[in-house]
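Everything below concerns the one structure shown next.
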């Protein structure tokens, strides 16, 4: 936020200006640290037309946060004061959205706030996991190590997400193109071709041709109703999937989908294990570590399992007692957690579990990527064969009859 201020400096002179700070208290604190007496401070009001469209179009992404985190770790390791390091990074950041966030964090730190508290003012950009690890680094005096680990962790997560998106992008494009081409042919091309067969009086049409004629006639007769139904249905489905119940349904489908479901499950398990292991190693209390992990996992079902484990631990039980009751948790995961709890090496065991499921998911993603192309070729070949046979066979009948 920006504030208009009027201050009295150390020479007794009155001065006016604008200061950028996350809150009014932070702005006052910054001015006080410079030895000024604050006479007035008012927020700068902006209407909708003065909003910076560039900020909206250039929102920071995970990659930008990774770069910021790694650079901040390097500056701290070089013994640069934290506030000065943040101001330096703010000058280097290109995206206006992230630049403003870094400036706000720097202003809050200059006003006496801790780095974790300053970052916590921007929950959309910095997760609770991120904040807690920074906080643990501040307490232990190893802030640069915590930041470096966070950068590595986010890069690994981004790499996995990129692999999945890359594996799904090609089939999604092909299927979408197939649907669009099919709609265009059904509405504009096929009615003219199929009308020739209808006018010719041929009664012995192939089954595929009759099916194609039925679909074409239905779509063209009720095209607008179909479009309205699709829009309304899509909107209602979108609204439903945003509800807690809808989120559970979509998460169930993701985990149980043929082929890709096992990969998704392994990724969730690896994320759970790595996050919980990291938080425990950082000295975060077990109850808080489990709660943060439940927020990070990104799946409603696994989140419910972790919250149930938190309640069980709060009552004097163990995590494995809850995990063993749920079919979503593989026996290997549950057994490793149980062993870690008995031996006092839960973080160590979870670290190994995370590596195992990461390796499994990487192997599965590579296998699926190799299988997708031939499967798509078969699907496209079948679609083309049906279309061609539906049109060419009646044409041969017409030629033969003539």
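Length available on full extension from residue 288 to residue 172: 0.36 nm per residue minus the Cα-Cα distance, which gives 37.8 nm.
Computed from the C-beta positions of residue 241 and residue 78 and an R0 of 60 Å, the FRET efficiency is 0.80 to the nearest 0.05. Shape call for the range 95-141 from the C-alpha gyration tensor, a ≥ b ≥ c root eigenvalues: rounded (a/c under 1.5), prolate (a/b greater than b/c) or oblate? Here the range 95-141 falls in the oblate category.
Relative to the longest principal axis of the Cα atoms of the chain, the long axis of helix 260-281 lies at roughly 10 degrees. Build a GNM of the chain with springs between Cα atoms under 10 Å apart, and of 277, 320, 335 the one that fluctuates most is 335. Counting every other Cβ atom within 10 Å of each residue's Cβ, 391, 184 order from fewest to most as 184, 391.
Over the chain, Cα pairs under 8 Å with separation of 6+ residues give a relative contact order of 13 percent. Quick check on the range 238-387: take the gyration tensor over C-alpha atoms, sort the square-rooted eigenvalues as a ≥ b ≥ c, and tell me if it's rounded (a/c under 1.5), prolate or oblate. Judged from the Cα gyration tensor, the range 238-387 comes out prolate (a/c at least 1.5, a/b above b/c). Label-to-label distance, residue 396 versus residue 138, with points set 7 angstrom from Cα along the beta-carbon direction: 7.8 nm. Look at the alpha carbon pairs under 8 Å that are at least 6 residues apart: their mean separation over the length of the range 61-155 gives a relative contact order of 35 percent. Computed from the Cβ-Cβ distance with R0 of 30 Å, the FRET efficiency linking residue 348 to residue 124 stands at 0.35. Just so you know, the Rg over Rh for the range 61-155 is 0.91, from Cα atoms, with Rh as the Kirkwood radius. Inter-part distance, the range 256-271 to the range 56-115, computed on C-alpha centroids, equals 35 Å.
Please work out, to two decimal places, the log10 of the ratio I(q)/I(0) at q = 0.13, 0.21 Å⁻¹ from a Debye calculation in which every Cα of the range 125-214 carries one identical scatterer. Log10 I(q)/I(0), no solvent term: -0.67, -0.99. Can you compute log10 of I(q)/I(0) for the range 145-267 with the Debye formula, treating each Cα as one identical point scatterer, at q = 0.12, 0.15, 0.19, 0.20 Å⁻¹? Scattering profile of the range 145-267, log10 relative to I(0): -0.77, -0.97, -1.15, -1.19. Model label sites at residue 222 and residue 382, defined 7 Å from Cα along the beta-carbon direction, differ in position by 2.5 nm.
For the chain, modelled as a Gaussian network with Cα springs under 10 Å, which listed residue fluctuates most, 134, 66, 93? Comparing 134, 66, 93 in a Gaussian network model of the chain, the most mobile one is 93.
Please compute the contact order of the range 160-317 in relative form: average sequence separation of alpha-carbon pairs under 8 Å and at least six residues apart, divided by the residue count, as a percent. Relative contact order comes out at 14 percent. Ranked by Cβ crowding within 10 angstrom, fewest neighbours first, how are 307, 31 ordered? Sorted ascending by nearby Cβ count, the order is 307, 31.
Comparing Cα centroids, the range 273-322 and the range 154-200 end up 41 angstrom apart. Springs between Cα atoms under 10 Å define the GNM used for the chain, and in it the highest mean-square fluctuation of 158, 192, 135 occurs at 192. Between the helical axis of 300-314 and the longest alpha-carbon principal axis of the chain there is an angle of about 40 degrees. Here the simple spin-label model places points 7 Å from the Cα toward Cβ, and for residue 262 and residue 4 these points are separated by 6.6 nm. Sorted largest first, the principal axis extents computed over the alpha-carbon atoms of the range 330-402 equal 88, 18, 9 Å. Among 194, 269, 236, the ranking by other beta carbons within 10 Å of each residue's beta carbon, starting with the fewest, stands as 236, 194, 269. Across all Cα atoms of the chain, the radius of gyration (one decimal) and Dmax (whole number) stand at 29.9, 107 Å.
Read-outs throughout are calculated quantities, based only on the coordinates presented, and are distinct from any laboratory measurement. All figures in this text were calculated on a predicted structure; none of them were measured in a lab. Don't worry about glycine lacking a Cβ; one is built from the backbone with ideal geometry, like all the others, and counts go over all protein chains shown.
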